[in-house]
Amino acid sequence: MNHTEVLIAGAGPTGLVLALWLTRQGVTVRIVDKSAGAGETSRAMAVQARTLELYRQMELDGEIVAGGLRNPAINMWVKGKQRARLDLRDAGTGLTPFPFVLIYPQDRHERVLLRRLELAGVEVERNTELVGFVDDGAGVTARLRGANGDERECTASWLAGCDGARSLVRTLLGTGFEGGTYEHVFYVADVEAEGPAANGEIHISLESGDFAILLGYTNNGMGRLIGAVRDDRAGAASGRPLQYEDVEQRAIASLGLQVRKVNWFSTYRVHHRVTGRYRRGRAFLLGDAAHVHSPAGGQGMNTGIGDAINLAWKLAAVQRGRAPQALLDSYEAERIAFARKLVETTDRVFSFVTAQGNMVDFVRTRIAPLFASAAYGIGPVRELMFRILSQTALHYHDSPLSEGMAGHVKAGERLPWIGRDGPDNHAPLGAMAWQVHVYGDAPADLAHWCRDTGLALHRFDWSQACYDAGLARDAVYLIRPDTYIAMCDPAGAPSNLERYFGTRGMAAHAR
């Protein structure tokens, strides 16, 4: 196979999701990875509600949810005592079909994606490394090196760099990677443990100059333990690989945790960086190749998956001649702003958790748990926190593809869900195509235009749930293939839909 429409470098979750979404839309892909097999260890654990909503498009949500653990609460501990409990069980009720944080180790997650991709007829080419490429404006010629060192060429219409924080694609594009690296060495360990915190919930232990986070993924003590290796211990172990015994135990002991077995242990440096460009010519950067940040909030893997789904429908539209190449510029415009904000936010949180000093210790161990409990007890605050954590609040208001407002809903936002107290308006989104939604009555001329254009029209009876979600009665909502709202039109005029596509040179249907 010497030519493909999209060559994907990197078979982590970002690359696998990109391959799945492109294949579903009829785009041929080739995905290569220099590793010999799927990862057996991983740091990413949380699958957020927005990711699960998008997974519904491929009927992946059921298998992922069934394999993971719905986390009911985040607990904060100080000096051996539980100081705060943030109940997550009802925070997202009515906002999404997935009102919870799912804990599902990345290595297991990847295996599900790999199986689905193989069922779609695509296999990851292992022990195959991208070592160079040339973009001549009409396509990309890439050099691939196999396990035996032999090199061969592959041509592609587009190249997707999903090759991680040390991305060769980013290096060759010269887009930079501004940011920094935290001074501490951090660890992650897969453990089997006993104690009050070994109950399948999230537990954060805050001690003077130390912290530990336990992410339970079963109810019987299995979980991932994350923390920092003290500088003096890291220095003492500099002549050998760091081990679990080098970890400061105060924060772990504060959880009342007795670690029975360490299945594996790994250390890493945490970076906070964003590339300067997400696209140059026919090459794109996604996931860790484009942005890396602290693990605060469990956002990294989910953000990379969001990158992939945002880009996939645009590449498919351009490749099939349904949109001009200018559409691809909106990928960077939409995703880089979110990445910069995410890096800034997680940097502040992570710096606060890891900072040292008497004053910051006092605030972190005494004030923060009290403030978190009080704030979380306020309904609107709890809902906002869930929206941010779950990425359901992520929007593209400033995108060149976003136009208008109807009710309290602005173009660029994810389509609000009304399925708790009414019909599931997210169900039609599995079509992975442009569609029109009307909540109330749809005029005859709109129905005729949609039929003649080949655009699906979905009408839902007006209800209290529609009002509560901020939707406007009888307004037209044009939905993109990635389930975000492209245009809100209170008038519901077909001429406005016609103009929307015409001024952007796009076709509304898949034919």
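The values are calculated or read from the model by the stated rules, or taken from the named source; none is laboratory data. Keep in mind the model is a prediction, meaning the values are calculated, not measured. Neighbour counts are summed over all protein chains in view; Cβ atoms, including those assigned to glycine, are modelled from backbone coordinates with ideal geometry.
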Some residue of the range 186-204 being charged (D, E, K, R), assigned by TED's automatic domain parsing to the domain that holds residue 34, within 25 Å of residue 305 (Cβ to Cβ) and surrounded by fewer than 24 Cβ atoms within 10 Å (Cβ to Cβ): no
Members of the range 442-462 found to be exposed (fewer than 13 other Cβ atoms within 10 Å of the Cβ) and in contact with a Phe, Trp or Tyr (Cβ under 9 Å, 6 or more places away or on another chain), listed by number: 461
Unmet criterion (only one of (1) surrounded by fewer than 19 Cβ atoms within 10 Å (Cβ to Cβ); (2) over 30 Å from residue 252 (Cα atoms); (3) free of Cβ contacts under 8 Å to residues at least 12 places away in the same chain) for residue 66: (2)
Long-range neighbours under 9 Å by Cβ, at least six apart or interchain, first residue outside the structural domain of residue 84 (by TED's automatic domain parsing) within the range 363-380, second modelled with pLDDT of 75 or more and not in a helix (DSSP H, G or I): none
Residue ranges of helices (runs of 4 or more DSSP H) in the range 269-386 with at least 3 members of a type in the set (A, V, I, L, M, F, W, C) and at pLDDT below 95: 329-354, 358-362, 368-376
Residue in the range 417-428 that is in contact with a Lys or Arg (Cβ under 7 Å, 6 or more places away or on another chain) and in a loop (DSSP other than H, G, I, E, B) present: yes
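Are any residues in the range 204-218 under 22 Å from the mean Cα position of the chain (by Cα) and not aliphatic (A, V, I, L, M), and if so, which ones?
216, 217, listed by residue number.
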Among (1) of a type in the set (Asp, Glu); (2) in the same structural domain as residue 19 (by TED's automatic domain parsing); (3) over 17 Å from the mean Cα position of the chain (by Cα), the one test that residue 90 misses: (2)
Matching residues, the range 1-40, being surrounded by fewer than 22 Cβ atoms within 10 Å (Cβ to Cβ) and in contact with a Ser or Thr (Cβ under 6 Å, 6 or more places away or on another chain): 3, 4, 5, 28
Filtered residues of the range 102-144 (kept if without any contact (Cβ under 8 Å) to a residue 60 or more places away in the chain and of a type outside the set (Asp, Glu)): 102, 108, 112, 115, 119, 131, 132, 134, 138, 141, 143
Residue 121 vs. criteria of a type outside the set (A, V, I, L, M, F, W, C), surrounded by 19 or more Cβ atoms within 10 Å (Cβ to Cβ) and part of a loop (DSSP other than H, G, I, E, B): no
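Out of 22, 69, report the one residue that is hydrophobic (A, V, I, L, M, F, W, C), more than 13 Å from the chain's Cα centre (by Cα) and farther than 21 Å from residue 414 by Cα.
Exactly one of 22, 69 is hydrophobic (A, V, I, L, M, F, W, C), more than 13 Å from the chain's Cα centre (by Cα) and farther than 21 Å from residue 414 by Cα, namely 69.
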From 223, 180, 216, residue being touching a strand residue (DSSP E or B) at 6+ places or on another chain (Cβ under 9 Å), surrounded by fewer than 21 Cβ atoms within 10 Å (Cβ to Cβ) and touching a residue at least 24 places away in the same chain (Cβ under 8 Å): 180
Enumeration of residues in the range 387-421 that are modelled with pLDDT under 90 and either touching a strand residue (DSSP E or B) at 6+ places or on another chain (Cβ under 7 Å) or over 30 Å from residue 474 (Cβ atoms) (or both): 388, 389
Matching entry among 145, 170 (being modelled with pLDDT of 95 or more, closer than 18 Å to residue 34 by Cβ and either crowded, with 22+ Cβ neighbours inside 10 Å or within 22 Å of the chain's Cα centre (by Cα) (or both)): 170
Which listed residue, of 433, 491, 442, is in contact with a Lys or Arg (Cβ under 6 Å, 6 or more places away or on another chain) and either touching a residue at least 12 places away in the same chain (Cβ under 8 Å) or outside any strand (DSSP E or B) (or both): 442
All positions within the range 148-167 that are under 23 Å from residue 316 (Cβ atoms) and over 28 Å from the mean Cα position of the chain (by Cα): 154, 155
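When the residues of the range 497-506 are filtered to those that are buried (at least 16 other Cβ atoms within 10 Å of the Cβ) and in contact (Cβ under 8 Å) with a residue 12 or more places away in the chain, which remaining residue is nearest to residue 471 (Cα to Cα)?
This residue is 497.
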Listing of strands (runs of 3 or more DSSP E) fully contained in the range 1-102 that carry 2 or more residues being in contact with a strand residue (DSSP E or B) (Cβ under 9 Å, 6 or more places away or on another chain) and among the basic types (Lys, Arg): 81-87
Neighbours by Cβ (under 7 Å, 6+ apart or cross-chain): first from the range 275-292, assigned by TED's automatic domain parsing to the domain that holds residue 7; second of a type in the set (Gly, Ala, Ser) and part of a helix (DSSP H, G or I): 286/304; 286/308; 287/304; 288/304; 290/339; 291/339
Residue within the range 154-164 that is under 22 Å from residue 300 (Cα atoms), hydrophobic (A, V, I, L, M, F, W, C) and outside any strand (DSSP E or B) present: yes
